[in-house]
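First comes the structure, then the notes that go with it.
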Amino acid sequence: MGKKTSKKEVRYSEAELIALFGLDKTKIATPLMQEWLMSQTTLLDYEQKLFDSILHHALENIEAWSEEDLKMNFIAFVLELSHLKSSKHIRTFFDKTIEAEIEGHFLKVKSDFMIAKGILDLVQKPYFHFQEYKKERDPHGDPLAQLIEAFLIAQAINQDDKPIYGGYVVGRFWNFVIIEGKQYCVSEAYDSTKQKELMQIIAILRKFREILETRLLD
């Protein structure tokens, strides 16, 4: 009889995931990443008012916010401005746990925000993962490792060769990540308390919606 995979949940570091699954990390933008990051957008009048409001709120308060404060006072509104809502073909999930057995290892992670094909609370095909963590330095918080776990689980669920997109936030800084096969590319950080960089964050997230609808959906 074959050895059963342990279902004990293990919290892996980024380095451990690279070693376990033979991953390749790059910070040199791949063609997909270059295309994604070069996005541009504009805001309607009411969107501009919301943009100005949350930017001012973040400038004044982000250093004092807890993780939940950051999520409710800022990230939620950035997602709203980014047009990342449920539609006929996709659903958005918050704090959704996903799991899979991959190469003899059991992975399980809670995705802070996920865009996926799904029915009610059933995740059928994940396309985008987002992890958020408040503190900029904390040995117990590793949002990139959690994001990579979510990517690997998504690949196991989807069973195709399409890339998975996502991002993670540490305090005021946002990074975007794409995994293609065994290679994942991490963007430089965007400072969400700077007007131009926050605008670019929104443009990048809006671009993902276009990529999803034109390339990733079955």
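The values are calculated or read from the model by the stated rules, or taken from the named source; none is laboratory data. Note that this is a predicted model, so its numbers are computed, not measured. Cβ atoms come from the backbone with ideal geometry, glycine included; neighbour counts cover every protein chain shown.
Odds and ends about this structure:
- Listed conditions (1) closer than 30 Å to LEU55 by Cβ; (2) assigned to a loop (DSSP other than H, G, I, E, B); (3) among the basic types (Lys, Arg) are all met by LYS96, apart from (2).
- Of all residues in region 157-189, exactly one satisfies the criterion of being within 20 Å of ASP69 (Cβ to Cβ), more than 11 Å from the chain's Cα centre (by Cα) and buried (at least 21 other Cβ atoms within 10 Å of the Cβ), namely ARG172.
- One residue alone among LYS117, LYS207 is in contact with a His (Cβ under 8 Å, 6 or more places away or on another chain) and touching a residue at least 40 places away in the same chain (Cβ under 8 Å), and that residue is LYS117.
- Meets criteria (surrounded by fewer than 15 Cβ atoms within 10 Å (Cβ to Cβ), in a helix (DSSP H, G or I) and either modelled with pLDDT of 95 or more or touching a helix residue (DSSP H, G or I) at 6+ places or on another chain (Cβ under 8 Å) (or both)) for HIS56: yes
- Residue in region 167-178 that is modelled with pLDDT of 95 or more, touching a Pro at 6+ places or on another chain (Cβ under 6 Å) and not in a loop (DSSP other than H, G, I, E, B) present: yes
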